[in-house]
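Structure, as structure tokens:
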Amino acid sequence: MYRRAIAPSILMDVSELRIEYMRWSGTQNERQLVNRLFETPSSYCQWESYHAGLMRTVGSDSTRKGQLVTMRRLRFQLIHRQALFEFLRENSVTGRQRKALFDVLHSTQDYAKAVVAEHARFLQSNSSLYCADHLAYSIMRDLRFSSGLERYRKSYLEYFGHHCNWILAESAGREFTLQCLIPDLKKDLKQQQRELLSLPAPVRPLPH
């Protein structure tokens, strides 16, 4: 295992270059999401501050192996963090149904502010995940984890989708017949996490 740790400033520099690249050369969906950060100076500054904090967390470990494990955990967290708005967007959840979800999943009583905050969270998390994926794949060379993470993401969104549909069914006074699947899906996610986190570290990451 190559042991030299990566400085937080390098992690941030590479991230900003990646965001700039995706802004112009990513897929249509990537460009659309990333460019939302540039709609106002404040939205980009807020993401920059948020992401810099993440990179300081990764960079705070003095070994490459420790940084690798922290980056793996971070990528799980970013998938979780964007799941609610991903569900709303993919399923076109609006009106009373959307409010029912926020009533359960958000502690705040201010629904309008909660929606705005969740959307900002979604944009920030997506952009940071783009950067984290690039850093893990191209700099840390964590290829096996990166490959397995896509399966985890699909499994997590399936689990979270069932959880949200259960909330919506209860709010409408209906039975959710797939409720029985949720514990097993959650158990499977925990197992996938353990397996992915236990993958051996790459031997020869690319130089940076």
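None of the figures in this text is laboratory data; all of them are computed from the coordinates on show. If you're wondering where the values come from, they're calculated on a predicted model, not measured in any experiment. All Cβ positions, even for glycine, are placed from backbone atoms using ideal geometry, and neighbour counts span all protein chains on display.
Kindly give Rg over Rh for region 1-44, based on alpha-carbon atoms, with the Kirkwood expression for the hydrodynamic radius.
1.14
Scan region 1-105 for GluC sites (Glu not before Pro) in coil per DSSP, keeping those whose Cβ has at most 11 other Cβ atoms within 10 Å, and list them by number.
Listed in order of number, the matching sites are 39.
Per the helix-only calculation at 222 nm, which mean residue ellipticity applies to the chain, given -39500 (n - 2.57) for every DSSP H run of n ≥ 4 and division by its residues, nearest 500 deg cm²/dmol?
After summing the helix terms and dividing by the residues of the chain, the value is -24500 deg cm²/dmol.
Ordered by residue, what ³J(HN,Hα) values in Hz, to whole numbers, does region 21-28 give under the Karplus form 6.51 cos²θ - 1.76 cosθ + 1.60, where θ = phi - 60° and Gly and Pro are x?
4, 5, 4, 10, 10, x, 5, 4
Helix 41-59 sits at what angle to the longest principal axis of the chain, using alpha carbons and giving 0 to 90 degrees rounded to 10?
The answer is roughly 60 degrees.
Can you list the GluC sites (Glu not before Pro) in region 124-183 that are in a DSSP coil and have 14 or fewer other beta carbons within 10 angstrom?
Those that pass, being in a loop and sparsely packed, are 175.
Determine the sum of side-chain charges near residue 18: Lys and Arg each +1, Asp and Glu each -1, restricted to other residues whose C-beta is under 15 angstrom from that of residue 18.
-3
So if a site counts as exposed when it's one of the trypsin sites (Lys or Arg not before Pro), its DSSP state isn't H, G, I, E or B, and it has at most 16 other Cβ atoms within 10 Å, what's the longest stretch of the chain without one?
It works out to 5-173.
What does the charge count around residue 106 come to, taking other residues whose C-beta lies under 15 Å from its C-beta (Lys +1, Arg +1, Asp -1, Glu -1)?
+2
If you build the Cα gyration tensor of region 8-146 and take the root of 5 times each eigenvalue, what three semi-axes come out, in whole angstrom, biggest first?
Square roots of five times the eigenvalues give 28, 17, 14 Å.
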